[in-house]
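Trainee: Mind having a look at this structure? Questions to follow.
What follows is calculated from the coordinates using simple rules that are stated; it is not laboratory data. Predicted model, so just to flag it, every value in this text is computed and none were measured. Counting neighbours? That spans all protein chains shown, and the Cβs are built from the backbone with ideal geometry, glycine included.
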Amino acid sequence: MLKLFKDFTKKDLLYIVICLTLVVFQVWLELKMPDYMSSITRLVQTEGSTIKEIAEQGFYMLSCAFGSLISAIIVGYFAANVASSFSASLRGLIFGKVQNFGTEEIKKFSTSSLITRTTNDVTQIEMLIGMGLQMLIKAPIMAVWAILKILNKGLEWSILTACCVLVLLITIGTLMIIVLPRFAKVQKLIDKINGVTRENLSGIRVIRAFNAEKYQSNRFEDVNSNLTNMQLFNQRCFAVMMPIMNIIMHGLTLGIYLIGAYLINAANISDKITLFSNMVVFSSYGMQVISSFLMLAMIFMMWPRANISAKRINEVLDEEISVVEGEFTGETKDIGTVEFKNVSFKYPDADEYLLKNISFKVNKGETIAFIGSTGSGKSSLINLVPRFYDATDGEVLVDGVNVKEYSAEALNNKLGYIPQKAVMFTGTVKSNVSYGENAKKEITDKEIKQAIKVAQGTDFVEKMEGKYDAHIARGGTNVSGGQKQRLAIARAIARNPEIYIFDDSFSALDYKTDATLRKELKKYTKDATNMIVAQRIGTIINADKIIVLDNGECVGQGTHKELLKSCDVYKEIALSQLSKEELENA
């Protein structure tokens, strides 16, 4: 956990110093009160004492109590500031790290786990810091100080207090041994419950369509019950602590007075008042010692879970990123070119290569298409260009420069990427189309409308309430699949990139819209390079070059007509979609 605390700011450190100073002052005030109580006790028992003298000591005692209260309020304020500031910084660090994660790292942790680590785990540490600055610093200082003050007050009382403290430590240690391993399981169970909930919400339409509500409820009930039972066990273990604390505190008080009664009864008359005064003071200091360990016990109840959370957060922050960006941001001699040189690729921890020895080049203004059966590696190949993964062997060049040498911003500014599954963000039509504006220029309203027009989205956008300012729900749940795809295409067009990457981005469109969109797109992007992954022959029939993939290997490369003559795999795919006459007339 200590690794995380290096991220405290200078302001946080200043607040911590203030808290430490005030806590020491607060402890001093609280430990002065028994001294004044002892003085009042002696004055009451001494003949000739005046009300003024007693009231004076009482005033000092009340002043100490009030001063301790003010110190506690200030410490609480600064502790809350430090805790909230630190947690905000920590969430920012995790978010920034995750932003740089590649697909491999995202899959390793899972989305639901990353959400838990950014929220619940950070909250556990925030609570520990907030309480720790108030109790973790105060408790040991008060315990040591109080013990030093009572050492010379009576050996019997000191032994009794030491025995009580020992019982407390044994109790706390036993609970930690039992509960600590289970806190790690609690956080993992929270990951699972987040995962099931997230899956249920994202797939609610399919669940309802298949009448699977009961099945999903049972899945949720299983993980929810496991989490509940684990938490109940932990809380029951900790529930033992408070009764033991109360028994020890009251037992210590009773023991002090029993020992005191015996000592006073056996003492000389001249020593009785001193012994009685010491007994009152010892009783007060004994309670201070026990309450200090009680505060430590409360921290120890929070520490295990916070420690587990810190380890989980450090796992994210210490994770090595597989796709490390380069530093190249300069101008290139070539523009709009993509070249694969003997590229092979396999997923991490996979034994076999998914892509084997792929080579091709596409120049500015050309369209290259990729087709093949399901699982042939089309999407995996296209994902090597924006570096969702890196090629295992060979080189991927954009504008003559290896993609590994580019900075992430420089590479992404050259690309307009449209994924298989269109992604919409909470906002408006306009904010989604202008999303992630190109660093080189601001996207104007005119360009947004033009991009939507080219993507064949004007008709449905202008029918929406608010038109270009119409609301888009998270995930685009208030628009159809085809509408989402057109808005995703418009988003790429608005960036006006050198290279367009269409990863099966026309699959949700009807044939008429598909044909019209590609016709308009070809006019608009005539100076740009187009890379298209498609299942339909009609989508890629006019491409300048078609790459045919089969089991990760390039089995054909050429135009539509050339491949019909030379590539059996392509011919088989074509004949499965179009008749022989349609292919001949294409």
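Trainee: Quick check: the angle from helix 155-202's long axis to the longest principal axis of the chain, C-alpha only, nearest 10 degrees?
Mentor: 20
Trainee: Kindly provide the trypsin sites (Lys or Arg not before Pro) of segment 435-504 that DSSP labels as loop, not H, G, I, E or B, and whose Cβ sees at most 15 other Cβ atoms within 10 Å.
Mentor: Here the trypsin sites (Lys or Arg not before Pro) that fit, given the DSSP loop and packing criteria, are 440, 441.
Trainee: Kirkwood hydrodynamic radius for segment 98-160: how many Å is it when counted over pairs of different Cα atoms?
Mentor: Values: mean 1/r = 0.0633 Å⁻¹.
It is 15.8 Å.
Trainee: At most 12 other C-beta atoms within 10 Å and a DSSP loop state: those are the exposed GluC sites (Glu not before Pro) I care about. Give me the longest piece of the chain that has none.
Mentor: 48-319
Trainee: Could I ask something else about it? Using only the Cα atoms of segment 2-318, what do you get for the radius of gyration and for Dmax, in Å?
Mentor: 26.1, 92
Trainee: Further, regarding this structure: Ignoring everything except DSSP H segments at least 4 long, calculate the 222 nm mean residue ellipticity for the chain; use -39,500 (n - 2.57) per segment, divide by total residues, nearest 500. List each step's numbers first, then the result.
Mentor: Details: 22 runs with 373 residues, N = 586.
Value at 222 nm, helices only, nearest 500: -21500 deg cm²/dmol.
Trainee: I've got another one for you. Taking 8 Å as the Cα distance limit and 6 or more residues as the minimum spacing, I'd like the relative contact order of the chain as a percentage.
Mentor: After rounding, I find 14 percent.
Trainee: Further question: Given bins 5 angstrom wide, list per bin the percent of all Cα-Cα distances in segment 245-353, short to long.
Mentor: Using 5 Å bins, I get a P(r) of 2, 8, 9, 9, 8, 7, 6, 5, 5, 4, 4, 4, 4, 4, 4, 4, 4, 3, 3, 2, 1, 0 for segment 245-353.
Trainee: May I ask you to derive the relative contact order of segment 2-318, considering only C-alpha pairs under 8 Å and at least 6 residues apart, and to give it as an integer percent?
Mentor: 31
Trainee: Then there is this: Hand me the chymotrypsin sites (Phe, Trp or Tyr not before Pro) from segment 147-211 located in a DSSP loop with no more than 15 other Cβ atoms within 10 Å, in residue order please.
Mentor: Loop-located and lightly packed - 210.
Trainee: Given charges of +1 on the Cβ of Lys and Arg and -1 on the Cβ of Asp and Glu, with all other atoms neutral, how large is the dipole of segment 60-205 about its Cα centre, in debye to the nearest 20? Intermediate results must be reported in sequence, preceding the final value.
Mentor: Details: 14 positive and 7 negative charges, 61 e Å.
Magnitude of the dipole: close to 300 debye.
Trainee: Relative contact order for segment 222-329: what is it in percent, counting Cα pairs under 8 Å that are at least 6 residues apart?
Mentor: Working: 22 pairs, mean separation 25.1, N = 108.
After rounding, I find 23 percent.
Trainee: Compute the acute angle (0 to 90°) between the alpha-carbon long axis of helix 10-45 and the principal axis of greatest extent of the alpha-carbon atoms of the chain; round to the nearest 10°.
Mentor: That helix lies at roughly 20 degrees to the long axis.
Trainee: Sort 507, 309 so that the residue with the fewest other Cβ atoms within 10 Å of its own Cβ comes first and the one with the most comes last.
Mentor: 507, 309
Trainee: For the pairs 378/565; 364/561; 346/484; 364/404; 214/484, flag any whose C-alpha to C-alpha distance is greater than 26 Å.
Mentor: 346/484; 214/484
Trainee: Still on this structure, I have one more. How big is segment 448-491 along each principal axis, measuring the range of its Cα positions in Å and listing the largest first?
Mentor: Here the spans come out as 24, 20, 14 Å, largest first.
Trainee: Return the percentage of antiparallel bridges among DSSP beta bridges fully within the chain, rounded to the nearest 5 %.
Mentor: Antiparallel bridges: around 50 percent, rounded to the nearest 5.
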